[in-house]
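To keep things clear, I will list the structure first and then write my remarks on it.
The values are calculated or read from the model by the stated rules, or taken from the named source; none is laboratory data. Just so we're clear, the structure is a prediction, and the values are computed from it rather than from any experiment. Quick reminder, even Gly has a Cβ in these numbers, built from the backbone with ideal geometry, and neighbours come from all protein chains shown.
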Amino acid sequence: MMARSFRFQIVLWSVLVSGVVLLSFGMVAWWSLNRDRLESLDESLTAFGFRHATRVSRNVDSNKLELSLIEQFGEDAGQTRFVALIDKNGKDVFRSPRAPDSMDASDFPGGTVPLAPQPTATKPPKLNARDQPGKVREVMEPRFYTASLNDHQYRIGVFSNREVRLIVGADLQELEDEIGALRRAFLLALPGALLLVAIGAWLIARRALRPVHALERNMKHISAQELNSRLEVSRADSEFAEIIKQYNEMLERLERSFHQATRFSADASHELKTPLAIMRGTLERALAQAQDPGQQAACSDLLEQTDRQKAILENLLLLSRADSGHLILSSEPVNFSEALETWLEDASFLAEERDISISSEVAPGLMISGDLTLLQQVAHNLFSNAVRHNENGGEISCSLYSEDAQIVWEVTNTGPLIADDESETIFGRFQRGSATQGNGTGLGLSLVKEIVSAHGGSITATSRNERNLFRITLPNISSA
């Protein structure tokens, strides 16, 4: 499963939350702007309606009413306005040519309650000579409607007096176009705004996670030789300071424990060498003086076990030096091809006892830089393992060739196959495969891995063509 990116989650949530906020803001702004524009339109309709509702009657001069409409709203706006005059019986007294054909005056009743207080009557232009100039009519409370007529939206205000009902309407297309333009501008700007939010969130997350990346880099490079590295606490943010502090303290405990374990391993291996040497000398003298065959066999077994213990101690000493970074290599040019031919001859003596055949294909003249003695120990461990964990009459093959800037050394055997889940664990200390034969210590392959790593190489264990395959790569200096 692919690991989730915390930085990506921060960016994603920032964009989602910002998108919701911006959309909510846009909706509120659209609603508020639409309401304000509608209220402004209602105010202009109200000003016109009150101005004429206080004076108008059935005897109205329609031309002057139209002219008053244009005078009130202006030439351009006047083209989107209309006026209609309805008597108390519901019959049209006058209707502007711009009034929608489908408008039914009965759908827009006027108010029946007198407006309190009454609007201040301003003297309008004389609409009809028969009107009484000084007479002011009582106006009912206005009513407003939004209606769809002739596929257009209209805002309609109804202003009534006791004689007539004055209907003043305005086409909302202009208002809808204005609101629509703002909405489109907002939707066009929204992706850009969210992109800026994403970039900002990415940069902020990157800055905020800098201490975490510092921990990551430090952990990647940490090794037994670099346990003394520490992270700076004083420059860290307060949220990460305690984490870094605990991490540094953990490293300190690990360093202390590791050094103690390394010293113990090295000291124990070193101190046990002397008593083993004394035991070996004593056993050799006892074997030389023994007359009884049983005593001779017992001394021989003890000598063999002493040599085995000596080999284990030497391996442990080498591993402790590798752990502490004190595995000293003599970096000299080594003709690896010639050395391997010699080691194969030595391995043939081990294989003869079990009738195991060894085949080889070694490319000539391949050179590496390394320690010949330690490399010989690698070869001894690999070949002895190949013999020990093989079947009687089995086969061992060895090949050496160059690949890019590396030398590849492969050793195969026909013993029980290494399980897939053991291809890594068999290189652990005191680890032995489930199909392992013989009485090995479980240190040989771990020592091989340490020596190969110290030479800048790597080793892997797999199975191929029903054979166990150990593959070692080392830097090639043949063409350097």
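Of Arg184, Arg207, all but one fail to be free of Cβ contacts under 8 Å to residues at least 60 places away in the same chain and more than 30 Å from Tyr154 (Cα to Cα); the exception is Arg207.
Note on the range 389-404: among residues that are of a type outside the set (S, T, N, Q) and part of a loop (DSSP other than H, G, I, E, B), the one that is nearest to Leu417 (Cα to Cα) is His389.
The rows are residues; the columns are (1) at pLDDT 90 or above; (2) within 48 Å of the chain's Cα centre (by Cα).
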residue	(1), (2)
Ser331	no, yes
Glu353	no, no
Cys398	yes, yes
Pro416	no, yes
Glu424	no, yes
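Pairs linking a residue in the range 31-50 that is among the aromatic types (Phe, Trp, Tyr) to a residue that is surrounded by 15 or more Cβ atoms within 10 Å (Cβ to Cβ) and modelled with pLDDT under 90, with Cβ atoms under 6 Å and 6 or more positions apart or on different chains, are Phe48/Gln72; Phe50/Pro119.
Quick check, is Val378 over 22 Å from Glu466 (Cβ atoms) and either assigned by TED's automatic domain parsing to the domain that holds Phe470 or in contact with a Leu (Cβ under 8 Å, 6 or more places away or on another chain) (or both)? Judged against the criteria, Val378 is a match. Those strands (runs of 3 or more DSSP E) of the range 91-186 in which at least 3 residues are assigned by TED's automatic domain parsing to the domain that holds Gly49 and either at pLDDT 90 or above or under 30 Å from Met27 (Cβ atoms) (or both), considering only elements entirely within it, cover 143-149, 152-160, 164-171. Of the residues examined, Val83 is not one that is modelled with pLDDT under 90, outside any helix (DSSP H, G or I), surrounded by 11 or more Cβ atoms within 10 Å (Cβ to Cβ) and more than 60 Å from the chain's Cα centre (by Cα).
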